[in-house]
Amino acid sequence: MNHDERREEIVSGVIAVMAEQGFAAVSLRSVAQAAGVSMGRVQHYFSSKAELIHHACELFIRRATAQHVKSGGMPRRERLEALLTMGIPGSVDERIGTAVWYEFVTAGTKDQAIADLVTAAWQDRHDNIVSLLDADDGRRELPASEAATLLAATSEGLAIAAMLGRISCEEARSLVAKQISHLGVDAP
């Protein structure tokens, strides 16, 4: 295993601790235990809890980005729906992923480096939505940038509602699809 793989293995432990116990439970010791490595190995690769968490947030964002990139061969409308419903939990793994994401979002209220990572990820998502909407720009009342902001806010609110059990995953995904249709996004 090379150094990058070892770092990723350790950082995956952060995500596991956050998924099971929340952000407050993250410590070098809890991460070592979750990753199945020694404290010495964790300390060899990461000098502090903050560095460990920042790397975990970066890894989490890279994985989400890779998931979106995989949808590149799908029709534009399907890619847009996939991007907007990514945070709406349909499976246990998706529920865990959404919970971890919002742990990072919350952590960003107290840690500027995490806030910067989350903000950059949201901006990247917004830019991807805009690019998927641009082909229909003449058919909508709203400019693509405003429509992207509306769609992102809608999907985030629906993801939280689904996480809390206020609505089902299916209802949330259906409402995202209806919002996309309402904005006049065609299938090609």
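Computed from the coordinates by the stated procedures, all read-outs in this text should not be read as laboratory data. These numbers come from a predicted model, not from an experiment. Neighbour counts are summed over all protein chains in view; Cβ atoms, including those assigned to glycine, are modelled from backbone coordinates with ideal geometry.
Ranked by the mean number of other Cβ atoms within 10 Å of their residues, highest first, the peptides 154-160, 11-17, 23-29, 49-55 fall in the order 11-17, 154-160, 49-55, 23-29.
Taking Cα centre as origin and charging only the Cβ of basic (Lys, Arg, +1) and acidic (Asp, Glu, -1) residues, the dipole magnitude of the chain rounds to 360 debye. Once the Cα-Cα distance is subtracted from the 0.36 nm per residue extended length, the L164 to M39 segment shows a gain of 41.5 nm.
The residue list Q112, I88, A147 was ranked by how far each Cα lies along the charge dipole of the stretch 73-182 toward its positive end, using unit charges on Cβ atoms, and I88 comes out on top. Scalar couplings 3J(HN,Hα) for the stretch 70-81, obtained by applying the Karplus form with A = 6.51, B = -1.76, C = 1.60 to θ = phi - 60°, are 4, 7, x, x, 7, x, 3, 4, 5, 5, 4, 4 Hz; x denotes Gly and Pro.
Could you work out how far helix 3-21 tilts from the main Cα principal axis of the chain, as a 0 to 90 degree angle to the nearest 10? The angle comes out at about 80 degrees. Here's the picture: a label point sits 7 Å out from the Cα of H68 along the beta-carbon direction, and within the stretch 1-19 nothing has its amide nitrogen under 16 Å of it. Is the shape of the stretch 1-102 rounded, prolate or oblate, going by the alpha carbon gyration tensor and its root eigenvalues a ≥ b ≥ c, with a/c under 1.5 for rounded and a/b larger than b/c for prolate? Prolate. Each residue of the stretch 171-180 is assigned a 3J(HN,Hα), and the resulting list reads 4, 4, 5, 5, 5, 4, 4, 5, 5, 4 Hz, derived from the Karplus form 6.51 cos²θ - 1.76 cosθ + 1.60 (θ = phi - 60°), x at Gly and Pro.
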